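The next block holds one structure in the form of structure tokens; read it before the comments.
The values are calculated or read from the model by the stated rules, or taken from the named source; none is laboratory data. Keep in mind it's a predicted model, so treat the numbers as computed, not measured. Neighbour counts are summed over all protein chains in view; Cβ atoms, including those assigned to glycine, are modelled from backbone coordinates with ideal geometry. When the accessible area is computed, the model is the full protein with side chains, heavy atoms only, and any ligands, DNA or RNA have been set aside. Shrake-Rupley method; radii C 1.70, N 1.55, O 1.52, S 1.80 Å.
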Amino acid sequence: MDSDTENEISLSTSLALRYLLSKKTNNQVNDIFKNRHRNGEYYVLFPKLLQDPVKFFQYMRMSKETFYFILRKIEHLITKLPTHKPYISPEERLMVTLRFLSTGIPLKSLSFTFCMAHNTIGGIVYETCEAIWNTLKDEFMPFPTTAALEQVEKDFFEKWKFPNCIGAVDGKHVRHKGPAKSGTQYYNYKKYFSVHLQAVADANCKFITVDVGEYGSRSDSGVFNSSTLYELMRSNRLNVPAPKPLPGTITSVPHVFVGDQGYPLKNFLLRPYPENSADAAKLRFNESLSIARRCVECAFGILVAKWRCLKTELQVTPDHVTTIIQTVCLLHNLCIDFKDTVVNPCSSENSTPPNPNSSRAYNHSSHEATEIREIFKNYFFNSSTVEQNNR
């Protein structure tokens with residue numbers, strides 16, 4: 001008996017294989033999803049939104065012009081072959097993604113409004129976010145050049161009276177569903193699972209750079225010392241302008257970032273003096289630093305108010321959380337450039353307070369960093385004295 005005959009006999013006598021071959025798979029599409037072209041939100045609502053610019057902005061969190069600018073940039077990356085009916089167009093894919101980012105509605109809830117399976121919506125959101133980030137990051141969150149940082153320094157001095165400042169840095173916890181077997185790595189001191197968003201903002205509340213993905217259990221200083229920003233500053237690769245004297249002085253000091261008490265004092269990073277040891281000059285410095293630092297708090301406030309997925313627990317994996325956060329930070333910058341965001345007065349409501357139990361292992365400061373802060377302190381105190389005498 002040849003081998004083919006033996007295979008046929010074994011196949012016919014195997015009860016398990018006979019059962020699997022006879023079992024019918026259920027690949028039927030639910031009637032709700034079948035009628036997407038009649039009941040889906042894209043088909044029912046989108047044509048009406050196009051006729052009403054105000055409602056379009058309220059729904060998409062951006063103007064129609066901004067929407068189609070993004071669509072033109074990423075259309076080639078999110079266009080698929082029309083293998084399903086009705087076809088999911090790039091326009092619909094972008095609408096689904098923006099609706100998720102602007103509301104944080106769970107994917108299973110969106111599946112009923114758009115008449116798609118929730119796993120289909122999840123794939124659309126992740127793929128579109130990656131396309132937006134990869135295509136537009138060099139245009140709306142580019143690697144800072146020396147000229148760009150000089151403009152940032154000029155804006156901080158003109159708007160907030162803080163010289164030699166090239167950005168305000170702060171951190172924010174973004175809540176997400178704790179991954180399986182993750183232990184306490186993502187569990188922060190606020191008693192929920194999160195990833196850490198560290199951002200540097202300019203004087204106009206735009207993000208210069210963002211660092212996403214560190215465990216929520218880590219402190220601001222720990223995240224900063226392991227961040228790409230710190231490595232670039234430490235290795236002199238961030239295109240920082242050359243040191244220069246503060247206005248009215250002759251001693252050159254480096255350009256600096258400003259942060260709260262959760263950050264370490266470095267040659268390139270200023271933090272406030274402890275409140276329990278602050279005299280009049282130190283209090284004046286703390287006040288000036290706080291005014292400049294509020295730019296990043298305002299940026300976080302605007303970001304969360306517009307892209308409300310950051311207000312809820314993201315039911316996605318940590319890798320997808322990183323992609324989503326990077327995308328909304330980029331969209332934040334894009335909307336400011338397109339004047340689709342009204343910058344409200346600064347508020348610390350949405351900032352992350354420093355962890356009172358965080359490790360101080362990263363907060364040791366050098367003698368040189370202490371001297372630099374003293375120069376800034378004397379400058380602000382002398383400036384305030386001159387202002388008072390001129391009144």
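In the stretch 284-303, the condition of being part of a strand (DSSP E or B) and either basic (K, R) or modelled with pLDDT of 95 or more (or both) is met by no residue. The combined condition, being modelled with pLDDT of 85 or more, more than 14 Å from K137 (Cα to Cα) and under 17 Å from the mean Cα position of the chain (by Cα), is not fulfilled by K339.
Taking the listed residues G262, G248, G222, the one that is surrounded by 20 or more Cβ atoms within 10 Å (Cβ to Cβ) and assigned to a loop (DSSP other than H, G, I, E, B) is G262, with no other qualifying. Within the stretch 80-93, being outside any helix (DSSP H, G or I) and either at pLDDT 95 or above or open to solvent by 70 Å² or more (accessible area, probe 1.4 Å) (or both) holds for K80, L81, P82, T83, H84, K85, Y87. Name the single residue, out of those in the stretch 126-161 being hydroxyl-bearing (S, T, Y) and either open to solvent by 20 Å² or more (accessible area, probe 1.4 Å) or touching a strand residue (DSSP E or B) at 6+ places or on another chain (Cβ under 6 Å) (or both), that is farthest from Y68 (Cα to Cα). Across the stretch 126-161, the extreme among qualifying residues is T146.
Taken over the stretch 47-62, the criterion of being open to solvent by less than 20 Å² (accessible area, probe 1.4 Å) and outside any helix (DSSP H, G or I) is satisfied by M62 alone. Number of residues in the stretch 311-334 that are part of a loop (DSSP other than H, G, I, E, B), open to solvent by 30 Å² or more (accessible area, probe 1.4 Å) and of a type outside the set (D, E, K, R): the value is 3.
Restricting attention to the stretch 265-310 and to residues that are of a type in the set (F, W, Y) and open to solvent by less than 10 Å² (accessible area, probe 1.4 Å), the residue that is farthest from N239 (Cα to Cα) turns out to be W307. Would you check which residues across the stretch 63-79 are loosely packed, with under 13 Cβ neighbours inside 10 Å and of a type in the set (D, E) and list them? If the condition is that a residue be loosely packed, with under 13 Cβ neighbours inside 10 Å and of a type in the set (D, E), then E65 is the only one that fits.
What about V240, is it in contact with a Leu (Cβ under 7 Å, 6 or more places away or on another chain) and buried (at least 22 other Cβ atoms within 10 Å of the Cβ)? So V240 fails the test.
Of the residues making up the stretch 94-125, those that are open to solvent by 10 Å² or more (accessible area, probe 1.4 Å), touching an Asp or Glu at 6+ places or on another chain (Cβ under 9 Å) and closer than 23 Å to L303 by Cβ are R99, G104.
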